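Values in this text are rule-based calculations from the coordinates and carry no lab data. These numbers come from a predicted model, not from an experiment. Because the Cβ atoms are built from the backbone with ideal geometry, glycine has one as well, and the counts that use them run over all protein chains shown.
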Amino acid sequence: AKVKGLPLTATNIRNNLRAVANPPGEVIMPGEFKKAFDLLRKGKKINYEGAAGSVDFDKNGDVVTPIEVWKFSKGGMVTVRVEHLF
């Protein structure tokens, strides 16, 4: 939204999330926002990957990335299951 010159409103951010969070595009990791803005200003596509994994949206705007359920015990963190919700 910002690169397009739009005001930073919740609606404008929502309407532009899929364009920067889904493939195709150069992968952008957390902390690479300057790189992301530079690429967008040049008309390039980006694919933001969140700190915990992909942030891909389906056609309805739902995040389609699997969710991992963990359990913490004295031995550390253990994966209980991976849920594919969509």
Check: Based on DSSP H runs of at least 4 residues, each adding -39500 (n - 2.57), what is the mean residue ellipticity at 222 nm of the chain after dividing by all its residues, to the nearest 500 deg cm²/dmol?
Finding: -7500 deg cm²/dmol
Margin query: What do you get for trypsin sites (Lys or Arg not before Pro) in the stretch 1-30 restricted to DSSP loop and a cutoff of at most 11 other Cβ within 10 Å of the site's Cβ?
Written below: 4
Notebook entry, point to check: Relative contact order for the chain using alpha-carbon pairs under 8 Å, separation at least 6, rounded to a whole percent?
Noted result: 21 percent
Note to self: Test of the criteria: in the stretch 55-86, which trypsin sites (Lys or Arg not before Pro) are in a DSSP loop and have at most 11 other Cβ atoms within 10 angstrom of their Cβ?
What the structure shows: 59, 74
Check: Considering only the chain, what is the antiparallel percent among its DSSP beta bridges, to the nearest 5?
Finding: 75 percent
Checklist line | Neighbourhood net charge (15 Å Cβ-Cβ; Lys/Arg +1, Asp/Glu -1) for residue 64 | finding: -4
Notebook entry, point to check: Placing +1 at every Lys and Arg Cβ and -1 at every Asp and Glu Cβ, with all other atoms neutral, what dipole size does the stretch 10-83 have around its Cα centre, in debye to the nearest 20?
Noted result: 200 debye
Check: For residue 34 and residue 73, what does the FRET efficiency come to when R0 = 25 Å and r is the distance between their Cβ atoms, rounded to the nearest 0.05?
Finding: 0.05
Check: In a GNM of the chain with a 10 Å cut-off on Cα contacts, which of 75, 61, 50 has the highest mean-square fluctuation?
Finding: 75
Notebook entry, point to check: Near the amide H of residue 65, under 5 Å away, which other amide H atoms are found, from residues 5 or more places off or on another chain, if H is placed in the peptide plane?
Noted result: 56
Check: For the chain, what is the convex hull (Cα atoms) projected area averaged across all directions, in square nanometres?
Finding: 7.2 nm²
